[in-house]
Amino acid sequence: MKQLLYCLLVVLATGCKEKYDSPVHSPVTGYLVVDGVVNSVGTASLTLSRTTKFDNRNIVYETGAFVMVQGQDSSAYFLGEKGNGIYSVDNLNLNTSLKYRLKIMASNGERYISDFVIVKNNPPIDSVSWKVENSGVQLYINTHDPQNNTHYYQWIYDETWEFHSSFLSTLKYQLTSNPGGATYSVVYRDPVNRSYDPTITTCWQFNSPTNLFLGTTAKLSKDIVYLPLLYIPPASIKLGVLYSVHLKQYAWTEEGYAFLDKMRKNTEATGSVFDAQPSELKGNIQNITNPDNPVIGYFNVCPVQAMRIFIKNSDVPAWGYNPGCMDVVIENISDSIEKKGLGLLPTVVELNGSAGIITFRAAPPGCVDCTLSGTNKKPSYWP
């Protein structure tokens with residue numbers, strides 16, 4: 001009976017498999033994707049790329065394109081190519097009383113054009129605040145429009161945090177070739193000063209979430225925003241030394257916001273039969289060479305508002321970050337190093353004698369060399 005049941009399950013499992021042919025048939029080059037908001041004051045940039053097949057996880061950037069922002073008064077602003085599909089222009093100062101559109105000529109000769117759009121007002125960010133909640137840190141967005149006419153917002157943020165190696169390293173391994181074979185020993189990195197290596201002790205990590213973060217006050221009596229931004233869990237490395245979040249705020253028209261909200265639902269809210277099913281994304285950019293080929297993106301213009309804040313470890317008492325690093329003592333003898341030290345990095349001398357280093361301490365590489373999980377290049381905005 002068990003064998004019969006097993007055979008039946010196998011037949012059902014194999015019989016239910018069918019090759020799926022997507023009803024969407026994109027051109028070989030893929031559809032154009034336009035990502036970004038044109039900053040009406042300062043440096044403006046857009047990223048152009050192409051859609052790819054489901055099994056291709058690589059981003060295909062659109063290179064060699066001609067990109068221009070054009071005003072209703074025939075003024076023109078050209079966005080130069082900067083690499084990785086980024087096209088930008090500096091010192092932009094668009095007239096808020098005019099409408100503007102985007103024009104693109106791709107490297108394959110196809111031309112694209114957007115609808116004319118207004119320069120949407122975008123009020124300054126009031127603050128990025130935070131408070132301790134559930135032993136972690138919750139950050140909030142605070143903004144408002146006193147004219148009560150913005151209503152539709154998008155935010156993008158990136159995080160940076162400084163972290164330190166748990167152990168300083170004044171030593172390094174030395175491999176010596178002998179007639180009887182190679183032998184290991186430890187020597188000072190800096191034989192003169194016997195100082196530690198500062199290039200592997202202080203590093204930074206970064207995080208730039210890609211999910212769409214939207215908010216609207218359209219149904220509220222006042223255009224006031226107070227929303228949770230992100231949560232840092234208790235004892236996270238992010239607040240081990242110094243943490244920073246940089247927030248950018250964009251204002252959208254009702255139509256543009258609806259486009260973003262639909263994209264958000266398509267990319268983030270699907271996953272089960274009970275979720276809303278993907279819907280067609282139709283923006284305000286058209287392919288005028290091949291009108292049947294859609295363009296993924298929505299042209300929007302507004303002054304981009306930004307704010308950066310820092311949180312120090314000392315601002316959050318008893319944060320409790322613990323990397324869990326431990327070190328061991330090893331004899332400065334080749335056999336001992338081969339048995340106990342390989343796979344670890346030497347840190348400091350434990351016992352010194354007249355003949356040199358007798359014993360030393362060693363720890364896992366990630367506890368000694370911070371560059372294994374971050375960069376030692378200090379960001380320009382770091383204090």
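Counting only residues at least eight positions apart within a chain, or on another chain, the lysines with an alpha carbon under 17 Å from that of K339 are K172. A convex hull fitted to the Cα coordinates of segment 97-255 yields 269 cubic angstrom per residue.
Straight Cα distances below 17 angstrom link K265 to the lysines K282, with same-chain residues fewer than 8 positions distant left out. Karplus-based coupling profile of segment 110-122, in residue order and whole Hz: 6, 10, 10, 8, 9, 5, 6, 10, 7, 7, 6, 5, 9, with θ = phi - 60° in 6.51 cos²θ - 1.76 cosθ + 1.60 and x standing for Gly or Pro.
Between the helical axis of 2-15 and the dominant principal axis of the chain, each derived from Cα atoms, what acute angle in degrees is found, rounded to the nearest 10? Orientation of helix 2-15: about 50 degrees from the principal axis.
With contacts taken as Cα pairs under 8 Å at a separation of at least 6 residues, the chain carries a relative contact order of 19 percent. Using R0 = 41 Å, the C-beta based FRET efficiency linking T210 and N178 works out to 0.15. The smallest convex shape that holds all Cα atoms of segment 58-114, its convex hull, gives 93 Å³ per residue. Within the chain, the ratio Rg/Rh, alpha carbon atoms throughout and Rh by Kirkwood, equals 1.10.
Solvent-accessible surface of segment 233-363, averaged per residue with a 1.4 angstrom probe and all protein chains in place: 53 square angstrom. For segment 34-148, the solvent-accessible area works out to 53 Å² per residue, with a probe of 1.4 Å and every protein chain left in place.
When DSSP beta bridges are restricted to pairs lying wholly in the chain, around 95% turn out antiparallel.
Less than 5 angstrom separates the built amide H of Q305 from those of Q249, all sequence-distant by 5 or more or on a different chain. At a 1.4 Å probe, what is the % contribution of carbon and sulfur to the accessible area of the chain? Here it works out to 54 percent.
Taking all Cα pairs closer than 8 Å and separated by 6 or more residues, the relative contact order of segment 279-340 comes to 18 percent. Using C-alpha pairs below 8 Å separated by at least 6 residues, the relative contact order for segment 97-235 is 29 percent. Cross-link check: pairs K99/K120; K120/K248; K238/K312; K131/K378; K248/K312 evaluated at a Cα-Cα cut-off of 18 Å; pairs beyond the cut-off: K131/K378; K248/K312.
The values are calculated or read from the model by the stated rules, or taken from the named source; none is laboratory data. All figures in this text were calculated on a predicted structure; none of them were measured in a lab. Note: ideal-geometry Cβ built from the backbone for every residue, glycine included; neighbour counts use all protein chains shown. Quick note on the areas: whole protein, heavy atoms, side chains included, nothing else; ligands and nucleic acids left out. Shrake-Rupley method; radii C 1.70, N 1.55, O 1.52, S 1.80 Å.
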